[in-house]
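The values are calculated or read from the model by the stated rules, or taken from the named source; none is laboratory data. Given the structure is predicted, the values throughout are model-derived calculations rather than measurements. So basically every Cβ, Gly included, is an ideal-geometry build from the backbone, and we count neighbours across all protein chains shown. Just so you know, the surface numbers come from the protein's heavy atoms only, side chains and all, with ligands and any DNA or RNA stripped out. Shrake-Rupley method; radii C 1.70, N 1.55, O 1.52, S 1.80 Å.
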Amino acid sequence: MALQFVLGGSGSGKSRDTYQRIIEDSIKHPKQRYIVLVPEQFSLQTQKTLVSMHPRKGLLNIDILSFNRLAYRVFGETGGAGIPVLEETGKTLVLQKIAQEQKQNLKLLASSIQKPGCISQVKSQISEFMQYQVDGERLSKLQNDGAVSPLLSCKLADMELLYREFQAYLEKRYLTAEEVLGVLCRVIENAESLRGSVLVLDGFTGFTPIQYQVIRKLLLICRDVIVTITMDAREDPCEKQGWHKLFALSSQTAATIAALAKQNGVAIEEAVRLTGENRRFASAPALAFLERHLFRYHRDVYDKKPQEITVCAQANPREELAWAARRIRSLVRERGWHYRDFAIITGDLNTYANYAQEVFAGLGIPYFLDRKHSIVLNPFVEYLRSAIDTAVQNYSYESVFRYLRCGMSSLTPEETDELENYVIALGIRGYAAWKEKWVRIYPGMEKEHLETINALRGRVMEELSVFTQEQRDRNITVEQRTRSLYEFMVRGEAGKKVRLLKEMCEQAQDAAGAREYAQIYAIVMELLDKLVEILGQEEITLADFQQLLEAGFSEAQVGIIPPGAEQVVIGDMERTRLKDIRVLFCIGVNEGMIPKAQSAGGIFSEHDREFLESRSLPMAPSPRVNLYIQRFYLYLNLTKPSDLLYL
């Protein structure tokens with residue numbers, strides 16, 4: 001058993017050297033098992049890289065896994081987890097139910113628990129407690145600490161209550177994603193497929209406490225563990241640095257793993273140190289200088305013209321994106337590069353995404369927006385939300401025409417306009433008014449036109465009336481309300497309409513839109529199934545059912561796989577993983593965006609977190625520490641291109 005670090009700055013070839021070493025060893029020792037453990041969003045790219053590097057273009061004894069995939073691989077071998085995993089949407093539904101039941105017992109959160117976003121913050125905080133192995137008993141003890149302020153004491157009391165109720169509900173029913181690794185720790189020693197294997201940990205910037213527990217177990221059962229660490233190769237990986245240093249996160253990660261190895265009698269071999277000479281920046285001396293000196297306290301000055309780095313200013317985000325698109329097209333024509341050689345990153349992807357379609361489609365440049373986006377504004381989801389809203393608001397003007405304008409009712413936009421003019425003119429409100437035949441006319445309206453208006457009213461009621469009557473019953477269960485919603489979808493031929501929208505996107509060559517519509521029906525059905533599975537027999541009011549659905553829809557997201565390789569990636573500074581690019585455009589380099597201003601949101605403030613850490617309660621990094629970590633992510637991104645960098 002041995003642990004070895006591979007050290008080097010960004011672009012020094014840590015991953016490539018390690019992969020080459022693993023490939024050569026795997027060919028020499030075909031019966032030896034090799035495992036490459038990478039972040040979830042990087043697993044597909046790593047598989048592609050290893051296959052392309054392998055002389056036989058195939059992997060027989062090398063597995064590329066994430067922590068979760070490793071867990072399920074072990075469970076399949078040992079039978080360690082027969083309990084289903086509750087994903088993020090399911091957690092939101094359970095917490096929404098608990099919040100409704102415990103509202104009167106909450107001290108501080110009672111007034112805000114039903115507000116949009118509050119349940120999401122509670123869920124994030126509970127996930128943090130689980131990741132950092134904080135239990136309810138520790139929260140209870142802290143409430144009685146004499147130094148705790150009354151406000152923090154109330155927060156702790158509310159979170160303890162919600163946390164305990166959440167755990168009580170899940171007991172013997174579900175596991176959360178955070179608990180999967182805890183179960184893995186209990187059974188991993190029985191996994192014969194891991195015993196004596198060679199493990200590589202690559203692409204990580206840090207780990208949570210539960211991940212460190214898994215690593216501790218792996219150190220004991222694997223033959224060798226190789227960990228790539230992004231930091232200056234001249235530094236000591238086992239010496240923890242202050243957060244103001246660029247590689248503080250890397251040094252803390254390495255020091256913690258080294259400490260685990262020493263505690264368990266695992267030998268630590270001499271680190272492999274890569275300086276990066278003649279690697280990524282072999283033909284770009286200015287970028288090489290940037291990598292060596294960015295965010296470091298050096299006094300060196302680059303005394304040549306930095307031809308590979310360009311700084312420019314534009315009037316607004318749209319102009320920035322348009323300038324980048326024109327430059328990309330120019331470089332493709334002049335140098336013969338491919339669109340896949342370019343990437344654009346920003347600290348505010350939502351703002352720039354609004355202009356991407358207009359700018360890139362206008363210039364005929366293929367692009368991919370690397371983001372998961374909420375399904376809330378999808379026409380199909382809006383169709384369901386607005387139908388429920390008509391029942392909740394008893395056919396108010398706003399709710400009815402929200403439904404008719406969603407694009408999935410049977411009325412055309414012109415017919416909706418016609419009906420809306422009549423309703424506004426005569427002030428029609430309420431289910432009873434919509435159910436009865438209309439006989440009044442407004443000044444200037446021809447009496448013969450009333451028949452057309454009533455025909456339109458009849459079509460609206462044909463779609464909504466049965467659903468409304470079913471939902472107005474007070475004493476029915478979540479399963480009954482959900483079944484009624486599903487039958488409403490079937491009567492309205494929602495599945496057929498979604499397929500038509502998908503085909504329209506395909507005809508318009510909107511690959512991302514087509515992929516969204518290909519997934520949306522299954523996502524909604526999965527949410528409805530989860531509602532019935534988790535809360536099916538609970539009696540619930542229509543208003544509470546609406547809140548449950550809204551919480552579920554707000555959590556559900558659509559992830560789009562890149563439709564092709566030949567395209568420009570537009571992504572976020574922290575989420576997007578870039579590989580083998582020549583040119584990077586870092587746009588929106590403005591104060592408050594890069595580094596991104598830290599939000600004061602969340603259950604616990606920065607002062608609360610500092611106090612809790614002083615009482616030995618492990619927490620996620622505070623906003624102040626996150627600012628330093630963002631500098632590290634910025635360093636990683638600005639050193640990705642091999643040829644040109646535009647700011």
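Name the residue farthest towards the positive end of the dipole of the chain from the options Leu294, Thr482, Gln547, assuming +1 on Cβ of Lys and Arg, -1 on Cβ of Asp and Glu, about the Cα centre.
Ranked along the dipole, the leading option is Leu294.
Hey, can you rank 103-116, 10-23 by average C-beta count inside 10 Å, highest first? Mind showing how you got there, number by number?
Details: 103-116: 14.0, 10-23: 19.6.
Ranked by mean Cβ neighbours within 10 Å, highest first: 10-23, 103-116.
Mind ranking Cys222, Cys312 by accessible surface for me, highest first, 1.4 Å probe? Don't skip to the end; give the middle numbers.
Working: Cys222 5, Cys312 50 Å².
Per-residue accessible area, sorted high to low, gives Cys312, Cys222.
Tabulate in residue order the Karplus-calculated ³J(HN,Hα) for the stretch 344-356, using 6.51 cos²θ - 1.76 cosθ + 1.60 with θ = phi - 60°, rounded to whole Hz; enter x for Gly and Pro.
Karplus values, whole Hz, x for Gly and Pro: 10, 10, 8, x, 9, 5, 4, 5, 6, 4, 5, 9, 4.
Hey, rough spin-label estimate for Arg21 and Val589, points 7 angstrom out along Cα→Cβ, what's it come to in nanometres?
About 3.4 nm separates the two model spin labels.
At 0.36 nm per residue, and after removing the present C-alpha to C-alpha distance, how many nm does the segment from Ile83 to Asn354 gain when stretched out fully?
Details: separation 271, 0.36 × 271 = 97.56 nm, distance 4.15 nm.
Using 0.36 nm per residue and subtracting the Cα-Cα distance, I get 93.4 nm.
Given R₀ = 60 Å, what would the calculated FRET efficiency be for Ile268 paired with Val311, taking r from the Cβ atoms and rounding to 0.05?
Numbers: r = 43 Å, r/R0 = 0.72.
Computed FRET efficiency for Ile268 and Val311 comes out at 0.90.
Return the tail of the calculated pair distribution for the stretch 1-64, meaning the percent of Cα-Cα pairs more than 13 Å apart.
On the way: 1331 of 2016 pairs.
The calculated P(r) of the stretch 1-64 puts 66 percent of pairs beyond 13 Å.
Please report, in debye to the nearest 20, how large the charge dipole of the stretch 113-178 is about its Cα centre when each Lys and Arg carries +1 at its beta carbon and each Asp and Glu carries -1 there.
Numbers: 8 positive and 9 negative charges, 35 e Å.
Dipole size: approximately 160 debye.
Choose one of Val148, Ile257, Phe207: the residue whose Cα lies farthest towards the positive end of the charge dipole of the stretch 140-265 (beta-carbon charges +1 Lys, Arg; -1 Asp, Glu; about the Cα centre).
Ile257
Once the convex hull of the C-alpha atoms of the stretch 444-521 is built, how many Å³ does it hold per residue, rounded to a whole number?
Values: hull volume 12.2 nm³, N = 78.
Taking the convex hull of the Cα positions in the stretch 444-521, it is 156 Å³ per residue.
Please report Rg (one decimal) and Dmax (integer) in Å for the Cα set of the stretch 400-500.
Computed over the Cα atoms of the stretch 400-500, radius of gyration and Dmax are 15.4, 49 Å.
Heavy atoms of the protein only, probe of 1.4 Å, neighbouring chains included. What is the accessible area of Glu566 in Å², nearest 10?
Glu566 has an accessible surface of roughly 70 Å² with all protein chains in place.
Please work out the FRET efficiency for the pair Tyr397 and Ala455, using the Cβ-Cβ distance as r and a Förster radius of 22 Å; give the result to the nearest 0.05.
Details: r = 20 Å, r/R0 = 0.90.
E between Tyr397 and Ala455, to the nearest 0.05, is 0.65.
Near Glu382, within a Cβ-to-Cβ distance under 14 Å, what is the net charge of the other residues, with Lys and Arg +1 and Asp and Glu -1?
Working: positive: Arg385, Arg402, Arg405, Lys497; negative: Asp389, Glu398, Glu516, Glu550.
The answer is 0.
Compute, for the stretch 105-228, the length of the dipole vector about the Cα centre, with Cβ point charges of +1 (Lys, Arg) and -1 (Asp, Glu) only. Units Debye, rounded to 20. Working shown, then result.
Values: 14 positive and 14 negative charges, 26 e Å.
Here the stretch 105-228 has a charge dipole of around 120 debye.
For the chain, what does -39500 (n - 2.57) per DSSP helix run (n ≥ 4), summed and divided by total residues, give at 222 nm, in deg cm²/dmol to the nearest 500?
Numbers: 24 runs with 335 residues, N = 647.
Estimated from H runs of four or more residues: -16500 deg cm²/dmol.
Whenever you get a sec, compute what percent of the accessible area on the chain sits on carbon and sulfur atoms (1.4 Å probe). If you can, show how the numbers build up before the last one.
Values: 14840 of 30510 Å².
Heavy-atom surface of the chain belonging to carbon and sulfur, 1.4 Å probe: 49 percent.
In the neighborhood of Thr477, defined by Cβ-to-Cβ distances under 14 Å, what is the net charge if each Lys or Arg adds +1 and each Asp or Glu adds -1?
Details: positive: Lys97, Arg474, Arg481, Arg483; negative: Glu470, Asp473, Glu479, Glu533, Glu538, Glu539, Asp544.
For residues surrounding Thr477, the net value is -3.
What accessible area per residue, rounded to a whole number of Å², is obtained for the chain using a probe radius of 1.4 Å? Could you put the intermediate results ahead of the total?
Details: 30510 Å² over 647 residues.
Using a 1.4 Å probe on heavy atoms only, each residue of the chain averages 47 Å².
Against the globular-protein guess of 2.2 N^0.38 Å, express the Cα radius of gyration of the stretch 432-562 as a ratio, rounded to two decimals. Please report the intermediate quantities before stating the final value.
On the way: Rg = 19.2 Å, N = 131, 2.2 N^0.38 = 14.0 Å.
It is 1.37.
Would you work out the charge dipole size for the chain about its Cα centre, treating the Cβ of every Lys and Arg as +1 and the Cβ of every Asp and Glu as -1, and quote it to the nearest 20 debye? Don't jump to the answer; show the numbers that get you there.
Working: 80 positive and 82 negative charges, 339 e Å.
It comes to approximately 1620 debye.
Per the Kirkwood formula on distinct C-alpha pairs, the Rh of the stretch 526-647 is how many angstrom?
Numbers: mean 1/r = 0.0527 Å⁻¹.
Evaluated on the stretch 526-647, it is 19.0 Å.
So which of Lys305/Lys640; Lys123/Lys172; Lys31/Lys579 end up more than 22 Å apart, counting from Cα to Cα? Please list the in-between numbers first.
Working: Lys305/Lys640 20 Å; Lys123/Lys172 20 Å; Lys31/Lys579 31 Å.
Check vs 22 Å cut-off fails for Lys31/Lys579.
Over the alpha-carbon set of the stretch 332-477, work out the extent along each principal axis and list the three values in angstrom, largest first.
Rounded to whole Å, the extents work out to 72, 46, 22 Å.
Give me the one-decimal nm value for the distance between modelled label points at Leu363 and Glu533, 7 Å along each residue's Cα-to-Cβ direction.
It works out to 4.5 nm between the two label points.
Mind checking which of Leu70, Phe42, His54 is farthest towards the positive end of the stretch 40-91's charge dipole, using Cβ charges of +1 (Lys, Arg) and -1 (Asp, Glu) about the Cα centre?
It is His54.
Report the net charge of residues surrounding Asn626, where surrounding means a beta-carbon distance below 12 angstrom and charges are Lys +1, Arg +1, Asp -1, Glu -1.
Numbers: positive: Lys596, Arg609, Arg624, Arg631; negative: Glu574, Glu606.
Spelling it out: positives minus negatives among the neighbours equals +2.
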